[in-house]
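The values are calculated or read from the model by the stated rules, or taken from the named source; none is laboratory data. Being a predicted model, the structure only gives us computed values, none of them experimental. Every residue, glycine as well, gets a Cβ built from its backbone with ideal geometry; the counts of neighbours run over all protein chains shown.
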Amino acid sequence: MATTKSYSLIVDNKELAITNPDKLLWPKAGITKLHYLQYLVEIAPFLLPYTRDRYVTVIRFPHGVGDQSFYQKNLPTYAPDWIHRATDGKINYALLNDTATLIWMANQAALEFHVSFHLVQNDLPTELVFDLDPSTSDFSDVITASLALKSVLDDLQLQSYPKTSGASGIQVYVPIRHGYSFEQTRKVGSFICTYLVQRYPEQLTIERLVKNRGTKLYLDYLQHWRGKTLPAPYSTRAQGLATVSAPLSWTEIEKVHPSLFTIHTMIGRTKQVGDLFQPLLSTSRNSLDHILNSLPTS
């Protein structure tokens with residue numbers, strides 16, 4: 001491929017200047033900025049519903065994965081005026097609401113998109129989320145823990161939907177009815193995770209300090225809170241293989257590994273299975289009343 005310093009791309013009727021399209025952003029996977037932009041243009045219809053009207057934090061890698069990186073919440077002052085934005089305290093966030101904004105951010109070497117658990121219009125969570133974080137490289141531990149969590153959620157009549165983190169774990173989402181506070185979802189999350197740890201004390205933990213976990217898998221319900229984030233579905237991750245945070249079906253979960261879902265494979269996967277996180281956009285959502293009513297009030 002011939003080296004090109006820059007060129008223009010028309011997205012959503014906006015002309016975007018693309019710089020250094022041949023720069024290797026994922027050297028091990030052979031992914032250039034141009035490859036990355038092509039992925040984002042195709043995945044945008046799947047990704048944007050989960051970033052729209054949420055506070056977004058990006059992780060930028062100006063020289064690609066393996067080099068220096070930094071988190072960015074504030075929209076740079078040089079950003080184009082057409083990017084939608086929302087202010088929270090002293091932070092002026094970009095709203096990742098359209099493909100043009102997505103491509104503009106990607107041209108800034110934003111390789112990960114992390115989004116809030118609530119919309120900018122209010123601070124009420126749209127889902128209850130569990131982050132399963134392993135202490136070893138054995139992904140079978142994550143699969144076993146996620147299936148144990150699903151069993152409990154099924155018993156509680158809560159429909160749930162898993163996705164890979166894009167790194168080493170799995171995140172499980174439970175769409176909930178509007179109106180619950182983060183305090184209420186944390187109470188439910190604590191109840192479920194504490195029960196699982198009591199049931200599987202040798203395998204699972206809710207210990208926050210990594211040094212005290214040993215080989216146990218961490219059930220993280222504390223990440224689900226206002227001001228905190230997780231990678232958006234279909235977001236790329238700054239991992240060597242250019243992995244993606246991929247929605248899964250429970251029927252396939254025993255046969256998957258994060259390395260299967262990359263920039264190279266995700267477009268083909270979405271053409272085959274569609275958007276497995278689509279139920280999170282539905283108006284049919286879970287009630288937590290029956291759980292909250294059974295828990296202590298204090």
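For the reader, a short list of remarks on this structure follows.
- Considering THR270, THR243, THR297, the condition of being among the β-branched types (Val, Ile, Thr) and out of contact with any helix residue (DSSP H, G or I) (no Cβ under 9 Å at 6 or more places or on another chain) is satisfied by THR297 alone.
- Taking region 280-295 as the range and being outside any loop (DSSP other than H, G, I, E, B) and surrounded by fewer than 15 Cβ atoms within 10 Å (Cβ to Cβ) as the test, the residues that pass are LEU281, ASP289, HIS290.
- The test for being touching a Pro at 6+ places or on another chain (Cβ under 8 Å), modelled with pLDDT of 95 or more, of a type outside the set (Val, Ile, Thr) and in a helix (DSSP H, G or I) does not hold for LEU276.
- Residue selection: ARG85 fails the criterion of being out of contact with any helix residue (DSSP H, G or I) (no Cβ under 9 Å at 6 or more places or on another chain) and either surrounded by 19 or more Cβ atoms within 10 Å (Cβ to Cβ) or among the aliphatic types (A, V, I, L, M) (or both).
- Of the residues making up region 28-60, those that are of a type in the set (Ser, Thr, Tyr), under 14 Å from TYR234 (Cα atoms) and within 13 Å of the chain's Cα centre (by Cα) are TYR50, THR51.
- Verdict on VAL56 being closer than 30 Å to VAL120 by Cβ and either among the hydroxyl-bearing types (Ser, Thr, Tyr) or outside any helix (DSSP H, G or I) (or both): yes
- Test: residue in region 227-247 that is farther than 18 Å from GLN159 by Cα, polar (S, T, N, Q), surrounded by fewer than 22 Cβ atoms within 10 Å (Cβ to Cβ) and over 21 Å from the mean Cα position of the chain (by Cα): no
- Checked against the criterion of being out of contact with any Cys (no Cβ under 8 Å at 6 or more places or on another chain) and more than 30 Å from VAL210 (Cα to Cα), region 56-68 has no qualifying residue.
- Test for ILE31: is it crowded, with 16+ Cβ neighbours inside 10 Å, among the hydrophobic types (A, V, I, L, M, F, W, C) and touching an Asp or Glu at 6+ places or on another chain (Cβ under 6 Å): no
- Against the list (1) without any contact (Cβ under 8 Å) to a residue 40 or more places away in the chain; (2) part of a loop (DSSP other than H, G, I, E, B); (3) more than 26 Å from TYR36 (Cα to Cα), the condition LEU158 fails is (1).
- Flag if THR251 is under 18 Å from the mean Cα position of the chain (by Cα), of a type outside the set (Asp, Glu), surrounded by fewer than 21 Cβ atoms within 10 Å (Cβ to Cβ) and in a helix (DSSP H, G or I): no
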